[in-house]
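Asks: Structure incoming, see below.
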Amino acid sequence: MKRIYLDNAATTPMVSEVIEAMHEWNTRFFGNPSSVHHFGQIARARLEECRDIIADFLGVPSKKFFFTSGGTEGNNWILKSVATQLTSEKKHILISALEHASVFETARFLKKQGADIDFIEPDGEGLITVDQIQKVLRKDTAFISIMYVNNETGIINPVKEIADFCKKNNIQFHCDAVQALGKVDFELQEMDVDFLTVSAHKIHGPKAVGAVYIKEPALLEPFLHGGQQEAGTRAGTENVSGIIGFARAAQWIASRRSQRDKVKQLQSYFEERLKELFKKVVVIGGDAPRTPFISQVAFPGVDNQNLLMRLDLNGIAVSVGSACSSGTLKPSRVLQKMHLADDVVRSALRFSFSYLNTMEEIETTLENLKILIS
């Protein structure tokens, strides 16, 4: 059976260029980049070379770019560090109600610890906008966290506009850009955010490696304490092999920018054919700005968990909501917060694409859906 992978928002397969770069390093080098001898200095030089590559890809100074174990660590680091530095004059935190679990659950944890946190509700299209922020904004609001691209729906939030609003109102702004990296063109310097989180495994790089951009590194307390790695911001020996894979993945995805229309064609064709095949089908966020890499589609009257398993038995991998929430039978928090009908929430599947997918795979998926949904 030929298997079809349409769950790229959960993770992407590593491309051969990434595998080869990591393999070459792992078979020839092993030094700790904190060591002062020859082996350590080779590792240090390569690590800094990779930092420059990824920082350049984002358009930021490499001295403000720090490696982590992934998006979850980065999001936890930023929120928890900011929460320790609030003052009586500036103590209020705003978090989008549609955030990834690594932001949303961290906010809930901090709220239980006494942090003053409110959640921003989306508008009718599922967007988090400046207008929505102003509904819950206070004079003592100090920090706002809003993701660039929603990991379940693919909806693109107006991050540049939000960043400008925050700057005018002396509010620190964090953007989780894990689903935006390599899929939405942006220059980080132009966005003028205070913090930004990215991860390698969403762009065909390795898992367990990510990074954060910190506009003013001295203002953020370390999340992990110990050694002086990452200029004293993040203790622990750097994952040099993973970072090499991250840098190579950034180069690979940057070279595919001209092919983004191909992914858009796959998405458009897929959604149009679904509307032809199923009268009740709902493309969630269909009227909002979206990335071409994610289609969240509901089939009212069909149980999404059952349909997911039947597709998997036929060799097609998709997901129900976020991969970080898989294994639970709870309906999607994100879709519920968008005030969608219950039969839409409970029948929604996420189909997520990459540059590696083909029109043949889309056709096969459509044929399977036609058979399975009768």
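The values are calculated or read from the model by the stated rules, or taken from the named source; none is laboratory data. Quantities reported herein were computed from a predicted structural model and do not represent experimental measurements. Glycine gets a Cβ as well: all are built from the backbone with ideal geometry, and neighbour counts include every protein chain shown. We work out accessible area using only protein heavy atoms, side chains counted, and drop any ligands, DNA or RNA first. Shrake-Rupley method; radii C 1.70, N 1.55, O 1.52, S 1.80 Å.
Asks: With the cut-off at 1.5 for a/c, could you classify region 30-73 from its C-alpha gyration tensor as rounded, prolate or oblate?
Replies: The shape class here is oblate.
Asks: Within 10 Å of each candidate Cβ there may be at most 10 other Cβ atoms; applying that plus a DSSP loop requirement, which chymotrypsin sites (Phe, Trp or Tyr not before Pro) in region 256-304 survive?
Replies: Loop-located and lightly packed - none at all.
Asks: Please identify the chymotrypsin sites (Phe, Trp or Tyr not before Pro) of region 1-103 that satisfy two criteria: DSSP loop assignment and at most 15 other Cβ atoms within 10 Å. Which are they? Could the numbers behind the result be given before it?
Replies: Working: sites: Tyr5, Trp25, Phe29, Phe30, Phe39, Phe57, Phe65, Phe66, Phe67, Trp77; in loops: Phe29, Phe30.
Counting only loop positions with at most 15 other Cβ atoms within 10 Å, the chymotrypsin sites (Phe, Trp or Tyr not before Pro) in region 1-103 are Phe29, Phe30.
Asks: Add +1 for every Lys or Arg and -1 for every Asp or Glu among the other residues with Cβ under 13 Å from the Cβ of Gln229, and state the total.
Replies: Neighbour charge sum, excluding Gln229 itself: 0.
Asks: How many angstrom lie between the Cα centre of region 67-90 and the Cα centre of region 1-59?
Replies: The two parts, judged by their Cα centres, are 26 Å apart.
Asks: Heavy atoms only, probe 1.4 angstrom, no DNA, RNA or ligands counted: give me Thr141, Thr84, Thr358 ranked by accessible area, highest first.
Replies: Values: Thr141 0, Thr84 105, Thr358 55 Å².
Ranked list, largest accessible area first: Thr84, Thr358, Thr141.
Asks: Turning to a different aspect of this structure: Taking the Cβ of His204 as the center, what net charge do the other residues with Cβ under 12 Å away carry, scoring Lys and Arg +1 and Asp and Glu -1?
Replies: Charge balance near His204 sits at +4.
Asks: Expressed as a rounded percentage, what relative contact order does the chain have, with Cα pairs under 8 Å and six or more residues apart? Display every interim value, and only then the final one.
Replies: Values: 695 pairs, mean separation 86.1, N = 374.
Relative contact order for the chain comes out at 23 percent.
Asks: How about region 249-298: which trypsin sites (Lys or Arg not before Pro) there lie in a loop by DSSP and see at most 10 other Cβ atoms within 10 Å?
Replies: In loop regions of region 249-298 (DSSP not H, G, I, E or B), the sparsely surrounded trypsin sites (Lys or Arg not before Pro) are Lys279.
Asks: Straight-line reach from Lys168: which lysines have a Cα under 18 Å away, not including same-chain ones fewer than 8 places off?
Replies: The reachable lysines, counting only those whose Cα sits under 18 Å from Lys168, are Lys90, Lys91, Lys135, Lys139, Lys160, Lys215.
Asks: Under a Cβ-Cβ cut-off of 15 Å, what is the net charge of the residues other than Asp164 that fall near it, where Lys and Arg count +1 and Asp and Glu count -1?
Replies: Spelling it out: positives minus negatives among the neighbours equals -2.
Asks: Okay, next question. Shape call for region 153-222 from the C-alpha gyration tensor, a ≥ b ≥ c root eigenvalues: rounded (a/c under 1.5), prolate (a/b greater than b/c) or oblate? It would help to have the intermediate numbers written out before the result.
Replies: Values: a/c = 2.48, a/b = 1.29, b/c = 1.91.
Oblate.
Asks: What does the charge dipole of region 1-117 about its Cα centre add up to, to the nearest 20 debye, if the Cβ of each Lys and Arg holds +1 and the Cβ of each Asp and Glu holds -1?
Replies: 380 debye
Asks: Let me ask something else about it. Which value in deg cm²/dmol, rounded to the nearest 500, describes the helix-derived mean residue ellipticity at 222 nm for the chain, given -39,500 (n - 2.57) per DSSP H run of n ≥ 4 and division by the residue count?
Replies: -11500 deg cm²/dmol
Asks: Related question: How large is the charge dipole for the chain, taken about the Cα centre, if only the Cβ atoms of Lys, Arg (+1) and Asp, Glu (-1) carry charge, to the nearest 20 debye? Don't skip to the answer; put the middle values down first.
Replies: Working: 43 positive and 45 negative charges, 89 e Å.
Approximately 420 debye in magnitude.
Asks: Still on this model: For the chain, what are the DSSP H helices with axial Cα length of 24 Å or more and mean Kyte-Doolittle hydropathy of at least -1.0?
Replies: 38-58
Asks: State, to one decimal in nm, how far the label point of Tyr269 lies from the label point of Ala45, with both points 7 Å from Cα in the Cβ direction.
Replies: About 4.8 nm, to one decimal.
Asks: If you don't mind, another one. Given axes a ≥ b ≥ c from the Cα gyration tensor, I'd like to know whether the chain is rounded (a/c under 1.5), prolate (a/b larger than b/c) or oblate.
Replies: It comes out oblate by the Cα gyration axes.
Asks: So what is the relative contact order of region 97-249, in percent, for Cα pairs below 8 Å that sit 6 or more residues apart?
Replies: 14 percent
Asks: Which aspartates and glutamates does Lys275 reach when only Cα atoms under 16 Å apart count, and residues fewer than 8 places away in its own chain are ignored?
Replies: Correct list for Lys275: Asp287, Glu363, Glu367.
Asks: A further question follows. How much of Met309 can a 1.4 Å solvent probe reach, expressed as accessible area in Å² and rounded to 10?
Replies: The accessible area of Met309 comes to roughly 100 Å².
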